[in-house]
1. Using only the Cα atoms, what convex hull volume per residue in Å³ does chain B have?
2. If you add up the charges near A:Phe263, with Lys and Arg at +1 and Asp and Glu at -1, over every other residue whose beta carbon is less than 10 angstrom from its beta carbon, what do you get?
3. If each of B:Glu195 and A:Arg181 carries a label point 7 Å out from its Cα toward its Cβ, how far apart are those two points in nm?
4. Where the label is 7 Å out from Cα toward Cβ, how close does A:Ser116 come to the same position in every other copy, in nm, shortest first?
5. Order these peptides, A:205-214, A:47-56, B:260-269, by their mean beta-carbon neighbour count within 10 angstrom, highest first.
6. Going highest first, how would you order A:32-40, B:93-101 by mean Cβ packing within 10 Å?
7. Pull up the cross-link candidates among the aspartates and glutamates for B:Lys243, meaning alpha carbon to alpha carbon under 20 Å and not fewer than 8 places away within one chain.
8. So what's the gap between the Cα centers of segment B:180-199 and segment A:174-240, to the nearest angstrom?
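The values are calculated or read from the model by the stated rules, or taken from the named source; none is laboratory data. Since the model is a prediction, treat every value here as computed from it, not as a measurement. Here the Cβ positions follow ideal geometry from the backbone for every residue, glycine too, while neighbour counts run over all protein chains shown. Ligands, DNA and RNA are excluded from the accessible area calculation, which covers all protein heavy atoms including side chains. Shrake-Rupley method; radii C 1.70, N 1.55, O 1.52, S 1.80 Å.
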Number of protein chains: 2
Amino acid sequence: MTVLQLRSKHCCYGGSQEFYKHDSKVIDLPMCFSIYQPPQVQHGRVPVLYFLAGLTCTEETFMIKAGAQQFASKYGLMLVSMDTSPRHTNIPGETDHWDFGAGAGFYLDATVAPWSNHYRMESYITNELNEIIMQQFPAKKDCVGIFGHSMGGHGALTLALRHPDLYQSTSAFAPITAPSRCPWGQKALTNYLGENQDNWRQHDTVSLIEDGYRTSELLIDQGLNDQFLAEQLNPDLLEKTCKKTGQKLTLRYHEGYDHGYYFISSFIGDHIKHHHNVLTKTD
Amino acid sequence: MTVLQLRSKHCCYGGSQEFYKHDSKVIDLPMCFSIYQPPQVQHGRVPVLYFLAGLTCTEETFMIKAGAQQFASKYGLMLVSMDTSPRHTNIPGETDHWDFGAGAGFYLDATVAPWSNHYRMESYITNELNEIIMQQFPAKKDCVGIFGHSMGGHGALTLALRHPDLYQSTSAFAPITAPSRCPWGQKALTNYLGENQDNWRQHDTVSLIEDGYRTSELLIDQGLNDQFLAEQLNPDLLEKTCKKTGQKLTLRYHEGYDHGYYFISSFIGDHIKHHHNVLTKTD
């Protein structure tokens, strides 16, 4: 069993906010994650909800800024978040770009060297981390949701579509919906997966849905004052594709809201309620 | 009228989270503050609630970490927080200590040079900043509360006791209640006010209450797993003094909770409701 190093622990809304570090086999380096255990774990196993954060964030960002614990406590969900990439890999140029490399793992397994040596965030999250959570915490099996923000919204949507047996509920805040068609995504996919765009489709939400992948009803919130909306996010493309294919989607636009955590915190309660509702039905 | 530089603005819970910088006459240097305007300002002036943060914090800390906007939006209160000291004063040693100097203004007007040249946080908050808020934002006069955390709890309690006409409601999280009798306070008071302890009484909550100062009913929350409880905070002294003198106090101890913002966020809703209740009665 993976040995976990408890870095800190804090009471929060009747539950426990904890930060861990461990040696990851998949990443081949130490990795950090955070977990909020709601008070309901005293009475048995609870559903788990993974949050995937955006560019430049760490395993701390969501737990500090989103105000999620209040709602996780209310609905009895465990929250798990993780760092957004491997760190200190010694790959040249790893920290040269804020939107690629460290802090920008894009939640996929890189196939191009040298990134492929460590940058395997999809396997880390869907296999190794999920196994740790299921084995070492009071998490209910087959009762797992995933959500995220921006790059992490892309991660949540693509992982949910690619691993329908693992994730029963999905939502996102301002996700990158079509990385093949925006500068952030093109840069990352080229460097992590190579020039052949056929290999990108498995890591692009719009392409996956076009190709027949499905997941449970999606809830997506998008601010209309988001500085990245026009160039990077493409929610209109996702909406059209969902309409055409029958993938269920609730896409809400919000006048005045931007891309940051003040936006996320305003709607976090709705998202956790969404996951609670879907996970309770499938329970 | 003071010219305010808007540094950033974010929609949050139907209201607006804003960050400002301005040249302060009282501090004789630029100062920064943050303000959350709830949606209710569309219909007229609203009560104002000042939050004073703890050692090492800035005007951002409370707005990012406490999850307060949700409740300010619900109850229709404006929130204001400010930096915890002047910055970049060129006073030698200003940044040598995390618990004195920069980030540790202790919410008083220093009387000892060189600190007295800039470290005048009491006058800044009670005069200059309050004037800015009343003149340039839709704040309701004579409907003002104050609260804070740790050093900022000390600030909130002492300013409320010293300025009863200005503040109608008061509360605190894990406040330094008797700075004359703890290491943090003794270091700060000695350096800012000099060796004569007679001058410290005006900046020590327990002493002020002993000396006959009063304010409206206090709400104080204190974690029992707070790493600073035994040495720095002395809630028992405050409780005894309140009992003896008739100052109304609700002091709540919380098993397992520590000194940080995961503790504050767990009870922030109760505090904002407390201020709402007191301010609505006095309205």
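1. Value for chain B: 114 Å³ per residue.
2. Combined, the nearby Lys, Arg, Asp and Glu give -3.
3. 7.6
4. 7.2
5. A:47-56, B:260-269, A:205-214
6. So the order, starting with the most tightly packed, is A:32-40, B:93-101.
7. Counting by Cα, and skipping residues close in sequence, B:Lys243 has these aspartates and glutamates nearby: B:Asp204, B:Glu210, B:Asp211, B:Glu217, B:Asp221.
8. Cα centres, segment B:180-199 to segment A:174-240: 59 Å.
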